[in-house]
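Q: My questions all concern the structure below.
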Amino acid sequence: DQQVKQNSPSLSVQEGRISILNCDYTNSMFDYFLWYKKYPAEGPTFLISISSIKDKNEDGRFTVFLNKSAKHLSLHIVPSQPGDSAVYFCAASAQGGSEKLVFGKGTKLTVNP
Amino acid sequence: EAGVVQSPRYKIIEKKQPVAFWCNPISGHNTLYWYRQNLGQGPELLIRYENEEAVDDSQLPKDRFSAERLKGVDSTLKIQPAELGDSAVYLCASSLLKTGVAFFGQGTRLTVV
């Protein structure tokens with residue numbers, strides 16, 4: 001039973017355009033959400049997070065949106081750069097983030113020059 | 001500041017042999033996680049420690065896997081005996097207690113032949 005779903009295995013975007021990565025969750029106990037970026041042969045790197053008390057969090061070119069009623073979150077990257085090419089994992093946790101992280105399967109983003 | 005350090009980076013063993021992985025978390029981080037990542041999947045939690053105590057080991061296959069975190073600092077994950085299906089990347093992560101953001105090491109890629 002996949003509690004965190006990333007339904008797009010891959011996404012290809014032109015440099016300078018917006019990248020939108022989507023994530024759905026099923027467990028209503030999740031109240032803290034994170035995005036990680038992973039390059040080949042490296043561990044996941046924390047990118048940005050959002051608590052369920054917010055619906056948006058911004059950090060530079062990265063913005064995460066949370067729609068609690070739809071159990072959906074998205075990561076926007078604007079503008080996209082070739083260095084953003086990586087696998088992006090959505091993760092969720094309960095108890096304000098004090099419980100384990102549950103990951104989606106990831107979306108491979110390719111930003112073309 | 002040093003990140004999460006794991007060793008070895010790569011390991012190839014024959015089935016039925018034992019194997020051990022080592023992790024040194026970020027200094028001051030009292031929560032330590034071992035995750036396993038199969039090809040094309042997101043990381044899945046094996047065990048979570050708060051200081052020396054294993055607070056979540058429900059996903060650890062206890063017939064062959066064991067872990068320890070003596071003195072609440074570094075940790076060792078062992079598999080004995082290894083099976084072909086254990087081939088995966090084993091990731092260690094650490095965080096400050098109840099903050100939600102886990103920082104990952106580079107992982108150990110295990111191949112069982």
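Here, each number is a calculation from the coordinates, and none is a lab measurement. Just so it is clear, the model here is predicted, and its values are computed rather than measured. When we count neighbours, we look across all protein chains shown, and the Cβ atoms used for this are built from the backbone with ideal geometry, even at glycine.
Q: Looking at segment A:97-113, I want the residues that are farther than 17 Å from B:Thr31 by Cβ and have a partner that is in a strand (DSSP E or B) and among the charged types (D, E, K, R) with Cβ atoms under 8 Å, at least 6 apart or on another chain. Which pairs are those?
A: A:Gly104/A:Lys5; A:Lys105/A:Lys5; A:Gly106/A:Lys38
Q: Of all residues in segment A:53-65 being within 14 Å of another protein chain (Cβ to nearest Cβ) and surrounded by 15 or more Cβ atoms within 10 Å (Cβ to Cβ), which is farthest from B:Ala88 (Cα to Cα)?
A: Across segment A:53-65, the extreme among qualifying residues is A:Asn57.
Q: Go through (1) away from chain B (no Cβ under 13 Å); (2) surrounded by 14 or more Cβ atoms within 10 Å (Cβ to Cβ) and name the single condition A:Asp31 misses.
A: Result: A:Asp31 fails condition (1) only.
Q: Just for strands (runs of 3 or more DSSP E) wholly inside chain B: which have at least 3 residues that are of a type in the set (Val, Ile, Thr)?
A: Because the criterion is at least 3 residues that are of a type in the set (Val, Ile, Thr), the strands (runs of 3 or more DSSP E) in chain B that meet it are B:108-112.
Q: Next question. May I ask you to list the residues in segment A:33-57 that are among the hydroxyl-bearing types (Ser, Thr, Tyr) and within 12 Å of A:Lys68 (Cβ to Cβ)?
A: A:Ser51, A:Ser52
Q: Something else now. Can you name the residue in segment B:33-74 that is closer than 17 Å to B:Ser95 by Cα and among the small types (Gly, Ala, Ser) and, of all such residues, is nearest to the other protein chains (Cβ to nearest Cβ)?
A: B:Ala54
Q: Given the options B:Leu97, B:Leu39, B:Leu32, name the one that is surrounded by 15 or more Cβ atoms within 10 Å (Cβ to Cβ), within 21 Å of A:Tyr36 (Cα to Cα) and not aromatic (Phe, Trp, Tyr).
A: Only one candidate passes the filter, namely B:Leu32.
Q: Right, here's the next one. Step by step: first the residues of segment B:7-47, then only those that are out of contact with any Lys or Arg (no Cβ under 6 Å at 6 or more places or on another chain) and among the hydroxyl-bearing types (Ser, Thr, Tyr), then the one that is farthest from B:Leu60 (Cα to Cα). Which residue is that?
A: By that ranking, first place goes to B:Ser27.
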